[in-house]
Amino acid sequence: MSSSTEPLGAPRQPTLGADTRRDLSDAPFLLAARGRRPLRLPVWFMRQAGRSLPEYRRLRAGVDMLGACFDADLLTEITLQPVRRHGVDAAILFSDIVVPLRAAGVDVEISSGVGPVVRSPVRTRSDVDQLPELHTEQVDPVAGGVRALVGALGDTPLIGFAGAPFTLASYLVEGGPSKNHERTKALMHADPELWHRLMDKLAVMAVTFLRAQLAAGADAVQLFDSWAGALSERDYRRFVLPHSSKVFAGIADAGVPGIHFGVGTGELLPAMRQAGADVVGVDWRVPLDDAARRMSPGGEDPPVVQGNLDPALLLASWPVVEDEVRRIVEEGRAAAGHVFNLGHGVLPDADPTVLTRIVELVHGLRP
């Protein structure tokens, strides 16, 4: 991010350049993400690193989630596991959206069965002012894991990721997961100036975290806005879009594909695309051809899409899964490019052999 766009007092960002990454210009995932047609349709799965894999559970035994995220050796091995097992076309860095918060000094824990819990919620001007900045050296273990992965992945691209400002803000304001996001919505409407101040800080934090991963060699990034679907399009455009755009602008000089994903965001897809991502992730609620039309009503400049098999169907019989995969691949042809994925993350009870079969099926279909 150039100094002309860097806010006063923002942490110094690492310089990015093409020499920090491998030459994977022919990788199917990267070709599809740039709107080209690779020889095979690429596939990877959100939350493929962990959860359903028995080897992951053995490795994580006795290690808390955030502890694993800050252990370079552990996060490297966990990230590699699904690549070895499934033959996916991209690895996704094993991490969590609250990692930069924890690294910066926010007292946040991941409670089993609950999710991220913030000990002291951020709800006042003083709270926002005291929110610490993230500095690159605070995520050195993550960057070390990325460098190790770049050396171990061969010709498989590595996707780095971060939580989007709105989803991080929601956790901070609510103090943890929320069904209605009532405190978050109340703050954004009651004190817009304070809300934008909080979101700007979180956008800078996300940029810092992503740039650390990119400087270490990540080949693409995904911005997760897990809770954005709780908003109307009007509120999204007013209170969220400028800050998500700031994140993508802050990593644009890396020259790598950026993916933007949220859950329940069917009504937000056109606005989410405008944030500046190359690829828009679509959950299972909207068919990919419909999503492409929503993001390009006149058919000009069609989007690249990612998705969107319902994760729950991984627990169904194989004929059901196969039919859904074939349908989704066919619907994805309406877009400029398609990266096959789930509509959200792998469920813990999913059978890993089903994921492997999906990869084999997708690779066998005409892209």
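The values are calculated or read from the model by the stated rules, or taken from the named source; none is laboratory data. Just so it is clear, the structure is predicted and the values come from calculations on it, not from any experiment. Reconstructed Cβ throughout: ideal geometry from the backbone, glycine too, with neighbour counts over all protein chains shown.
Listed by first and then second residue, the pairs with beta-carbon distance under 9 Å, at least 6 apart or on different chains, first residue in segment 136-160 and more than 14 Å from CYS69 (Cα to Cα), second assigned to a loop (DSSP other than H, G, I, E, B) and polar (S, T, N, Q), are THR136/GLN13.
Here is a yes/no grid of residues against (1) more than 18 Å from ASP219 (Cα to Cα); (2) touching a Lys or Arg at 6+ places or on another chain (Cβ under 7 Å); (3) at pLDDT 95 or above:
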residue: ALA91; (1), (2), (3): no, no, yes
residue: ALA104; (1), (2), (3): yes, no, yes
residue: GLU137; (1), (2), (3): yes, no, yes
residue: PRO165; (1), (2), (3): yes, no, yes
residue: PRO177; (1), (2), (3): yes, no, no
residue: THR184; (1), (2), (3): yes, no, yes
residue: HIS196; (1), (2), (3): yes, no, yes
residue: ALA203; (1), (2), (3): yes, yes, yes
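Taking only segment 284-308 into account, find how many residues are of a type outside the set (Val, Ile, Thr) and surrounded by fewer than 24 Cβ atoms within 10 Å (Cβ to Cβ).
Residues of segment 284-308 that are of a type outside the set (Val, Ile, Thr), as a first pass: 284-285, 287-303, 306-308.
Restricting the remaining residues to those that are surrounded by fewer than 24 Cβ atoms within 10 Å (Cβ to Cβ) gives 284-285, 287, 289-290, 293-302.
Residues that pass the stated criteria total 15.
All conditions but one from (1) more than 21 Å from LEU210 (Cα to Cα); (2) touching a Lys or Arg at 6+ places or on another chain (Cβ under 6 Å); (3) surrounded by 17 or more Cβ atoms within 10 Å (Cβ to Cβ) apply to VAL280; the one that does not is (1).
Got a sec? Which helices (runs of 4 or more DSSP H) wholly within segment 137-236 have at least 3 residues that are under 20 Å from the mean Cα position of the chain (by Cα)? So that I can check it myself, show each step before the final result.
Details: elements: 140-152, 165-174, 182-190, 192-215.
Counting at least 3 such residues, we get 140-152, 165-174, 192-215.
Only one of the numbered conditions (1) of a type outside the set (Ser, Thr, Tyr); (2) in a loop (DSSP other than H, G, I, E, B); (3) modelled with pLDDT under 95; (4) surrounded by 18 or more Cβ atoms within 10 Å (Cβ to Cβ) is violated by GLY113, and that is (4). GLY50 meets each of the listed conditions (1) at pLDDT below 90; (2) within 18 Å of VAL279 (Cβ to Cβ); (3) crowded, with 21+ Cβ neighbours inside 10 Å apart from (2).
Considered as a group, the residues in segment 45-91 that are outside any helix (DSSP H, G or I) and among the aromatic types (Phe, Trp, Tyr) include one that is farthest from ASP155 (Cα to Cα), and that residue is PHE70.
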